[in-house]
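Asks: One structure is given below, represented as structure tokens, and several questions about it will come after.
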Amino acid sequence: MSATITAPAYRVIPIIPTLKPGSMEGPGPFVANEKIQEGLGFPGKLVDDWHDQAIAKMGELLGKYRSLKVFMDTCVHCGACSDKCHYFIGTQDPKNMPVARQDLMRSVYRRYFTLPGKLFPKLVGARDLTREVLDEWHNYYHQCSECRRCSVFCPYGIDTAEVTMAGREILDSVGYGQKYDNEIIGKVHKIGNNLGLPGPALKDTLEGLEEDVKEATGIDVKFPVDVKGAEVLLITPSADFFAEPHIDSLIGYGKVFHATGTSWTLSSMSSEAANFGMFIGNYEQLRKVALRIRQAALELGVKRIVVGECGHAWRVAYSFWNTLTGVGDGADQDDKFAMMLQKQLDHRYKQPSHICEFTWDLIERGALSFDKEANDKHIITFHDSCNVARGSRMGDYPGGQFDIPRNIIKTVANHFVEMDPGTTHERTFCCGGGGGLLTDDLMDLRVKGALPRMEVLQQVVDQHGVNFLAVICAICKTQFSKVMPYYGFDRNMVGGVHQLVSNAIKLGAK
Amino acid sequence: MTGILFAILFYFATLMLVVGTLYRISVYTRTPAPLKIPTTPAPITTGGVVMRMMREVFLFESLFKANLWTWAAGWLFHASLALVLLRHLRYFTEPVWHWVVFMQPFGTYAGITMLLGVAALWARRIFVERIRYISTPSDHLMLALFMVIAMSGLVMSFVEHTDVVAVKGFMLGLMNFDRQKLPSNFVLYVHLFMVAVLMMIFPVSKLLHAPGLFFSPSRNQADNPRDKRHISGWAKQLESNETGVAR
């Protein structure tokens, strides 16, 4: 398949594409095998009574999630979302319009859970849950990156991500899971990170990194692991430990900690910020993955928890950790579970904090100094990662998640330009690889889904000579370095915000 | 005879509208929202959430961001409908409230703009490929319903007047369980029948978008997850193991 993948042509002006029905029909991503499925407590393969179980699961989810219930009822088919999805723009498959993606499930909801759908299915677009429908779910609920762009434009705030998550959870519950996501979640449960990198290997890697940094800068920047009593616990995506360009941002975090004399540590038991439990919409998996962070924080006795550059991880950390693990503030006094941890944390700081919040706070307090010229070879633009933009916040006012990373970039570099405002801030386009789709068996989709971002990147490359695409997400980094060559860009154009910090920070100066 | 049938129809329709909608709202209220999922940037305070919701309800803020044509047609239709509904209060109150008297002409002409709005929305549904693709027969019928209601109302206002005093008598009679005669007028029958249909399908159709908006977690939640622990009943039960540490 990969041999035939080509990037779609840029639209001359970004017009709304015509429909190409069926263009992305197919088997969808690889299906999880029995071992992977059973490791998460899901049925190993498609169960015999999948129909009844799927409907029962749907009923259960409708009772547990107000979002799903309200979103199933309220859509009026106005079409506000219909041209907003990057996968629709890139593939032109009408089933990738957010409303149509929702309708794959809504049609079944109407058939089994509403009176008109039971009485007049044709009239209201209701249909039976057949094997074809189930296969369609597997295919098209893995063509959504849960980026929430559609929810910005929906007059009722309908978030297709919630529907996709419910779809995936139903599929998992009948034994029809996705290999990539579920395999990774299994690794986290077993070893503590998405890569399956065991503690000793992690320590080796970090020691090697210390040597590299020493060689490059002459300074002993440490990357400590499992230090009890450290002030800061850094939870970062495990890709930061070895992948390019991720590792350059990890060096950046280390230098910020070093420059300010912050005592910090990583955890070998909880060495992963990513939480694919969100991608599959399963609360128990989401919670189980997140609880490792709670455990590490309690065992190491840290005062602060800081999260590295990762989009969905920051959404989980910012929006869900307090709920799932108690990492946060404002629990009731009789809430023993949360208070146990909240008593330990230092509430002069936001818990958790994003590494960009951490760095920007130090910059504002004048604790860091930079040699901006060190980044003069870069003409930088910033890609807002979807989960940070639309599912979280930084700082103490709405929209801080847009300003803080940009402020950092402008502090450490001289050349910064914005991309088309219709594609930044809360209107940002997903990189095309988020939401648990960052797998080679979906490469065709990933290339096509990157189209809207690549189009506007091309504009700033042509107009301003941009040669550095700064991001704060591990998935964006991997996805862009993989798909950019299809569009004729150098894969080394992409890098993290803390990579720029790392280039410019003056160590030992203060 | 027709009067009796319409009386029964309207009692039934009112019952369905009220009971059905209250039931739906009670389901939405009872269903927990276990996670904080406001679409950000979102207001940090409850007051901010109220403002965001008002902007959605009165200005269709998100739709404005999405598509100006849909917004214009949709807003015109809904604002006109609101004026028309308020105008109709005169048929249910005696004496008629002053502000209802004052806004009669606005409400009457709003019938025309309402028709324009429906026509524009329908045109979009027919001529825009993407919208045509997602439309079900019921989507078209819903617009047809509004169109018939608006047109029959406009005919009675501007072309073939009906005995509105008698209609009002009938409506007040319904409210006081005192049966009065309904004028015999085909256009009036069509108008009333379609309104009754609209009332009956409200709680079982996409018309639920009206109450639904207020329950949409992506719009009605404050963005404060780090400052206040948010936990739902069923999620709290998972914490029965006191430390909740996975081992």
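Asks: With a point put 7 Å past each Cα toward its Cβ, work out how far B:VAL57 is from A:ASP462 in nm, to one decimal.
Replies: According to this spin-label approximation, the distance is 4.7 nm.
Asks: Can I ask one more? What angle do you read, to the nearest 10 degrees and between 0 and 90, between the alpha-carbon axis of helix A:199-217 and the longest principal axis of chain A?
Replies: That helix lies at roughly 50 degrees to the long axis.
Asks: Would you be so kind as to identify which of A:ILE170, A:PRO200, A:SER249 lies farthest towards the positive end of the dipole of the protein assembly as shown, taking Lys and Arg as +1 and Asp and Glu as -1 on Cβ and the Cα centre as origin?
Replies: Towards the positive end, the residue furthest out is A:ILE170.
Asks: Of the lysine pairs in segment A:191-361, how many meet both conditions: Cα atoms under 15 Å apart, and a spacing of 8 or more in sequence or different chains?
Replies: 7
Asks: Pairs on different chains or at least eight residues apart, Cα atoms closer than 17 Å: how many lysine pairs in segment A:371-504 fit?
Replies: 4
Asks: Now a separate question. Considering amide H positions built from the backbone, and no H for Pro or chain starts, which residues 5 or more places from A:PHE370, or on another chain, come under 5 Å of its amide H?
Replies: Result for A:PHE370 returns A:LYS506.
Asks: Specify which residue in the list B:LEU188, B:THR162, B:LEU198 is farthest towards the positive end of the charge dipole of segment B:103-208, using unit charges on the beta carbon of Lys, Arg (+1) and Asp, Glu (-1), about the Cα centre.
Replies: Comparing the listed Cα positions along the dipole, B:LEU198 ranks first.
Asks: Going by how many other beta carbons lie within 10 Å of each one, how would you line up A:LYS255, B:LYS168, B:LYS206, B:LYS236, fewest first?
Replies: B:LYS236, B:LYS168, B:LYS206, A:LYS255
Asks: What does the net charge come to around A:ILE355 if you take all other residues with beta carbon closer than 11 Å to its beta carbon, with K and R at +1 and D and E at -1?
Replies: Counting the neighbours of A:ILE355, the net charge comes to -4.
Asks: Once you have a ≥ b ≥ c as the square roots of the Cα gyration tensor eigenvalues for segment A:465-510, tell me rounded if a/c is under 1.5, and otherwise prolate or oblate according to whether a/b is larger than b/c.
Replies: prolate
Asks: Right, something else. Out of segment A:259-363, which trypsin sites (Lys or Arg not before Pro) are coil in DSSP terms and have no more than 10 other C-beta atoms within 10 Å?
Replies: Here the trypsin sites (Lys or Arg not before Pro) that fit, given the DSSP loop and packing criteria, are A:LYS343, A:ARG348.
Asks: Could you work out how far apart the two model spin labels at B:LEU89 and B:VAL197 are, taking each label as a point 7 Å from the Cα in the direction of the beta carbon, and quote it in nm?
Replies: About 2.9 nm, to one decimal.
Asks: Can you give me the Cα centroid spacing of segment A:274-316 and segment A:1-52 in angstrom?
Replies: About 27 Å separates the Cα centre of segment A:274-316 from the one of segment A:1-52.
Asks: Take the residue pairs A:LYS187/B:LYS236; A:LYS20/A:LYS84; B:LYS36/B:LYS65 and return only those whose Cα atoms are more than 19 Å apart.
Replies: In this structure, A:LYS187/B:LYS236; B:LYS36/B:LYS65 exceed 19 Å between Cα atoms.
Asks: In straight Cα distance, which lysines are under 28 Å from A:LYS118, not counting same-chain residues fewer than 8 positions off?
Replies: A:LYS57, A:LYS64, A:LYS69, A:LYS95, B:LYS206
Asks: Estimate the FRET efficiency between A:PHE242 and A:THR217 by the formula 1/(1 + (r/R0)^6), using the beta-carbon distance for r and 22 Å for R0, to the nearest 0.05.
Replies: It comes out at approximately 0.65.
Asks: Moving on. To the nearest whole number, what is the average tally of beta carbon atoms from other chains within 10 Å of the beta carbons of peptide A:334-341?
Replies: The shielding value for this peptide is 4.
Asks: Any idea how far the Cα center of segment A:226-271 sits from the one of segment B:47-66, in Å?
Replies: Centre-to-centre (Cα) distance: 41 Å.
Asks: Just counting partner chain Cβ atoms within 10 Å, what average do the residues of peptide A:121-131 show around their Cβ?
Replies: 2
Asks: Scan chain B and note any complete DSSP helix (H) whose C-alpha atoms cover at least 18 Å along its axis and whose Kyte-Doolittle average is 0.0 or more.
Replies: Span-like helices in chain B: B:2-30, B:68-87, B:104-127, B:137-158, B:186-201.
Asks: Only Cα pairs under 8 Å and at least 6 apart count here; give the relative contact order of segment A:371-504 as a rounded whole percent.
Replies: Relative contact order comes out at 33 percent.
Asks: With N residues in chain A, what two-decimal value do you get for its Cα radius of gyration over 2.2 N^0.38 Å?
Replies: Dividing the Cα radius of gyration by 2.2 N^0.38 Å gives 0.96.
Asks: Here's another thing I want to ask about it. Taking K and R as +1 and D and E as -1, what net charge do the other residues with C-beta under 12 Å from the C-beta of A:PRO98 add up to?
Replies: Result for the local shell: +2.
Asks: Would you mind checking the tilt of helix A:98-113 against the longest principal axis of the Cα atoms of chain A, expressed as 0 to 90 degrees and rounded to 10?
Replies: 50
Asks: About its Cα centre, what dipole magnitude does chain B give when the only charges are +1 on Lys and Arg Cβ and -1 on Asp and Glu Cβ, stated in debye to the nearest 20?
Replies: 620
Asks: Please arrange A:ASP212, B:ASP227 by how many other C-beta atoms lie within 10 Å of their C-beta, fewest to most.
Replies: A:ASP212, B:ASP227
Asks: Over chain A, what relative contact order in percent results from Cα pairs under 8 Å that are six or more residues apart?
Replies: 18
Asks: For A:VAL494, what residues show an amide H to amide H distance below 5 Å, using hydrogens built from the backbone and excluding near sequence neighbours?
Replies: A:LEU469
Asks: Using a 4.7 Å cut-off between beta carbons, which cysteines in chain A end up with no partner cysteine at all?
Replies: A:CYS75, A:CYS78, A:CYS85, A:CYS144, A:CYS154, A:CYS310, A:CYS356
Asks: Related question: Note the angle between two axes, namely the Cα long axis of helix A:355-364 and the longest principal axis of the Cα atoms of chain A, as a number of degrees from 0 to 90, rounded to the nearest 10.
Replies: 40
Asks: Based on alpha-carbon centroids, what's the gap between segment A:401-421 and segment B:77-125 in Å, whole number please?
Replies: Cα centroid to Cα centroid, the span is 49 Å.
Asks: For an R0 of 41 angstrom, estimate the FRET efficiency from the Cβ-Cβ distance between B:PHE102 and A:LEU119 and round to the nearest 0.05.
Replies: The formula returns an efficiency of 0.40 here.
Asks: Partner chain Cβ atoms within 10 Å, averaged over the residues of A:391-397 - can you pull that number for me?
Replies: Neighbouring Cβ atoms belonging to other protein chains average 4 per residue here.
Asks: If you take every residue apart from B:ARG30 with its C-beta less than 15 Å away from the C-beta of B:ARG30, what net charge results, scoring Lys and Arg +1 and Asp and Glu -1?
Replies: Charge balance near B:ARG30 sits at +2.
Asks: At a 10 Å Cβ-Cβ cut-off, how would you order B:TRP99, B:TRP71, fewest neighbours first?
Replies: B:TRP99, B:TRP71
Values quoted throughout were computed directly from the atomic coordinates according to the rules given, and no laboratory measurement underlies them. No experiment lies behind these values; they were computed from the predicted model shown. Here Cβ is always computed from backbone atoms with ideal geometry, including for glycine, and neighbour counts include all displayed protein chains.
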